[in-house]
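These notes concern the structure reproduced below.
Rule-based calculations on the coordinates, nothing more; no lab input. Keep in mind that what you see is a predicted model, and the values were worked out from it rather than measured. Neighbour counts run over all protein chains shown; Cβ positions are idealised from the backbone, glycine included.
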Amino acid sequence: MKGKIAYTIGLSCGVLALTVGTGIFLIWWAARDWFAISLVDLEVYGFFWIMIATPIASIGLFLMLFALGNNYPKFLKRTTLALLLILSNIPAVHLILEKHSDLSQQAYFKLTNHSNLDNLELTISASTFEQELGELNQGESIVSNFYPKYLSSSRTSVPLVDSVRVTILTSEQEYKAVLPTMYKGSCSRFVLTEDFEVKWK
């Protein structure tokens, strides 16, 4: 009986630690990738959850080992799978922190077309990359991201950033604009005006 209770609580600890932490990260990532929104508070909660989840998962591991010893050789397969689930928190945290580090090096932006023209072909480019954004109609928005290149040390109060150019191709001619300065980890929203300038929204 004690072994079954330990198994249930231990499994719950492992699932709780894994699902909550992963859920926080996926919501934070989706907000940046789909809407160019920086959920800073959620990012902080995520780091706090890692500190909270570590003892929770450790308790789950201890209880599962107790359940395994108490029930052995009964429920060996089920208990072993539960142990693996709890231990999966370790590579999950590693992958999340690695992906978070990469995403924090990128700048995300949402560009809305207020030019009163449809079928605009947009491309952004800098000294290190060129990226097609696709077609954009009047009133529509597009979300994209890139890695800003710092031309001066990022430790300075206001680092110098390589400019990013926007090429707007209409049915009649081509226009050039400059994307407002964006820094690593930032999320911004811009509008494309009737004069084919990119301005803060």
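Observations, loosely collected:
- Evaluated with a Cβ-only charge set (Lys, Arg +1; Asp, Glu -1), the range 107-200 carries a dipole of roughly 760 debye about its Cα centre, given to the nearest 20.
- Taking only alpha carbon atoms, the chain gives an Rg to Rh ratio of 1.20, where Rh is the Kirkwood radius.
- Helix 2-35 axis, angle to the chain major axis (alpha carbon atoms, nearest 10°): 0
- Semi-axes of the equivalent ellipsoid for the range 154-201, computed as √(5λ) from the eigenvalues of its C-alpha gyration tensor and ordered from largest down, come to 26, 12, 8 Å.
- Ranking of LYS110, LYS149 by count of other Cβ atoms within 10 Å, fewest first: LYS149, LYS110
- Rg/Rg_ref, the range 2-103, where Rg_ref = 2.2 N^0.38 Å and atoms are Cα: 1.25
- Helix 76-87 vs. the chain, principal-axis angle (Cα, 0 to 90°, nearest 10): 40
- For ARG189, distant residues with modelled amide H under 5 Å away: LYS110, LYS201
- The range 2-103 - charge dipole about Cα centre, Lys and Arg +1 at Cβ, Asp and Glu -1, debye rounded to 20: 740
- Candidate lysines - alpha carbon under 27 Å from LYS77, same-chain residues fewer than 8 apart omitted: LYS2, LYS4
- Amide H contacts of ILE37 (H built 1.01 Å from N, under 5 Å, at least 5 apart or other chain): ARG32
- Rounded to the nearest 20 debye, the dipole size of the chain about its Cα centre is 1620 debye, using +1 on the Cβ of Lys and Arg and -1 on the Cβ of Asp and Glu.
- Bridging of LYS110 to lysines at a Cα separation below 28 Å is possible for LYS99, LYS149, LYS176, LYS184, LYS199, LYS201, once same-chain residues fewer than 8 apart are set aside.
- Entry note, the range 107-200: relative contact order of 35 percent, from Cα contacts under 8 Å with a spacing of 6+ residues.
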